Each structure stands twice: as C-alpha cells, then as structure tokens.
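*Asks:* Handing you a structure now.
Every read-out reported here was derived from the displayed coordinates using simple, explicitly stated rules and does not represent laboratory data. Note that this is a predicted model, so its numbers are computed, not measured. Don't worry about glycine lacking a Cβ; one is built from the backbone with ideal geometry, like all the others, and counts go over all protein chains shown.
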Amino acid sequence: MTGEDAPAEEPEGYGSAKVDKDVLLDEAIPDIDWTIPPDGAERDIVHAPSGPLATLSVGRVDGRRVLLVPGVTGSKEDFALMLPLLAAAGYRAESFDMAGQYESATAGPPAGRHFDHDLFVRDLLFMLERGDGPVHVLGYSFAGTVAQLAYAARPELFASLTLLSCPPEPGQGFRGVKRLGRFTGLTTGRVGAALMIWGVKRNFTKVPPGRLAFVHHRFRFTNRRSVRDIIVLMKHAPDLRDVLGAAPIPKLVAVGEHDLWRLGLHAALAEAIGARLAVYRTGHSPCETAPHQLVRDLLALYR
C-alpha cells in the first residue's frame, strides 16, 4: 500500500469515519474568528530554552494535563475548538506556539545558528516538566516528529502519544506526499518554505473566510527562517519506529482521508508502532474540521 500504484483505501475499513453525533457536531461548526480565544482560556508567556513561548490553556489547574503541539506555520489556535472539549472532560488542556511560529516568533537559536530538532525537543521537554505527572501529548504534523524525539529522550514524561497528520516515513519525509512527493527531494528549504506558504495563502483546501483571514494574520508574525529550517528538518526525519513500537503507553495515529500523505503510509506507521488508527473524512487539519471526533478518540485513548 506504500507504492505509487497502491489501491485507494477505504477509511471505514479501518473502523473510522462512522456517522455519529460527533460527526454531526463537526459538520455544524460555523466560521469563527480564530483570534478570539475560547471562553475561560488563559494566555501566558513562558521562558523556554529557546526563548519566550506563547501559551493557551483551558481547564482546571489540577486536571490531568493534555499538551497539544502545533506544527510548522501553525499555532496554538489550531486547537481552539478542541481545548474546551478536553477541559469539559476534566482535563487541563494546553497548547503553545513553537519557536519561530506566530506569537513565539522571537524564540529561536542564537544568531548564525539554525532551528534544529534539539531546539524543539528541549522546548517540548520544558513544557512537559512544568507540571506533575506524565502528560498526554499530541504532536500535529512536524510536531509529531518532535514529540517522538522527546519521547525517546524522556519517556517517563508521557502518559500517551498521538501523532496527528504526522509525516509517516523517516528520512526524506516529503517523498510520500501525494502527486508531488517524487519531486520534493529537488527543492531547497527556501523554495520549499515559499511553496508551502504560497499554497496555504492561495487556499487550495478551501478553508472558510474567517480561518483564511487568521492564517494571513499569523503569517505576518511567523519567522520565515524557522519555516525554511523546518522544511530541511522534515527531509531528514529520524526513524523512531522501533522505539515507539516498544513504548508501553497508549498510542494513536490520527489523520484525515485527504491528508497530504497517502493514507496507506499512515496505516503502515500505526501498524509499525502498535498504535490505533483513526481516519476522518477531512484533510490535513482534523483539529480544525473534526474536533469533536478527534477529542472523542483521544478520550477513548486516555481511558
């Protein structure tokens, strides 16, 4: 199922994408102003190893922690619809902008140095150590790779691990991208970053006007050098399948059936690491378009 000629995969074959109340709730989500935080949300700035990171938290302070980590060109607001749902279930739901991204744009390496895996891992470990006990961690897209590295370094900090729309293959991580994968090895970080930003701004995925306005607003702050460096990192992804396969914690691979990467690759990753697989009838961002379904599956994983 990993080849160019692989047959089309049917998501319901994986036991996901069934129509239930959460699907109906997701279909009824209106267009919103993503700059407005959820009711009861707490905003803060924490001083991580890379610099000041902007955070967003919802829920009781003594609740079991869930940390949702956004990916490249993303931000904590990507989880604005999920945070209140997790808090309503009794959890302390938290997110933060990674170094170089949106309101954490000034965080990063010293002058003349590149953003690298170690920088992002150190920041994530810092965030995990800010409370008591192991944390339920979700890494979205590139942050899924960072979360895997953090688990390999400090497994005792993790209560569970969810990889959301995470690059499913080690090495040149873009090679499995639909249609364009075979050409991505020829691009530099600068070109790759420019293409990514251009594609998001052109709105090929047809996101609603409110979301698109927020995306344009966010790009005004994001450090373009961080995006270029992350594109390079994604072309040299580590192979941690054996480490995760031996991990005793609950694991979930969650993805939209129209993700950037072919669905069979995500299924192969889930099988390799012993994770559950959840597939939604959406694209690369189930956190925005299928938050009720995703939280439903997270709560089942946590139980």
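*Asks:* Stretch Glu271-Thr106 to full length: gain in nm at 0.36 nm per residue minus the Cα-Cα span?
*Replies:* So the extension gain works out to 55.5 nm.
*Asks:* Evaluate the distance, in nm, between pseudo-label points positioned 7 Å from the Cα of Val19 and of Arg113 along their respective Cα→Cβ axes.
*Replies:* Between Val19 and Arg113, the label points sit 5.4 nm apart.
*Asks:* Then there's this: Neighbour counts of other C-beta atoms within 10 Å: give me Val295, Val207 arranged from fewest to most.
*Replies:* Result, fewest neighbours first: Val207, Val295.
*Asks:* Give me the net charge for the shell around Arg64: Cβ to Cβ below 15 angstrom, other residues only, Lys and Arg +1, Asp and Glu -1.
*Replies:* Numbers: positive: Arg60, Arg65, Arg92, Arg130, Arg303; negative: Asp62, Glu94, Asp132.
Within the 15 Å Cβ shell, the charges total +2.
*Asks:* Arrange the following residues from fewest to most other Cβ atoms within 10 Å of their Cβ: Ser165, Ser50.
*Replies:* Working: Ser165 26, Ser50 22.
Placing the least packed residue first, the sequence is Ser50, Ser165.
*Asks:* Hey, another quick one. Roughly how many whole Å is it from the C-alpha centroid of the stretch 104-151 to that of the stretch 48-85?
*Replies:* A separation of 12 Å, based on Cα centres.
*Asks:* In units of 2.2 N^0.38 Å, what is the alpha-carbon radius of gyration of the stretch 67-166? Don't skip to the answer; put the middle values down first.
*Replies:* Values: Rg = 13.1 Å, N = 100, 2.2 N^0.38 = 12.7 Å.
That works out to 1.04 for the stretch 67-166.
*Asks:* Also: To make sure I understand the rule: partners must be aspartates and glutamates, Cα under 14 Å from the Cα of Lys235, and not fewer than 8 residues away in the same chain. Which ones qualify?
*Replies:* Partners found: Asp116, Glu169.
*Asks:* Can you tell me the FRET efficiency between Leu299 and His217 if r is taken as the Cβ-Cβ distance and R0 is 22 Å, rounded to the nearest 0.05?
*Replies:* Values: r = 31 Å, r/R0 = 1.43.
Computed FRET efficiency for Leu299 and His217: 0.10.
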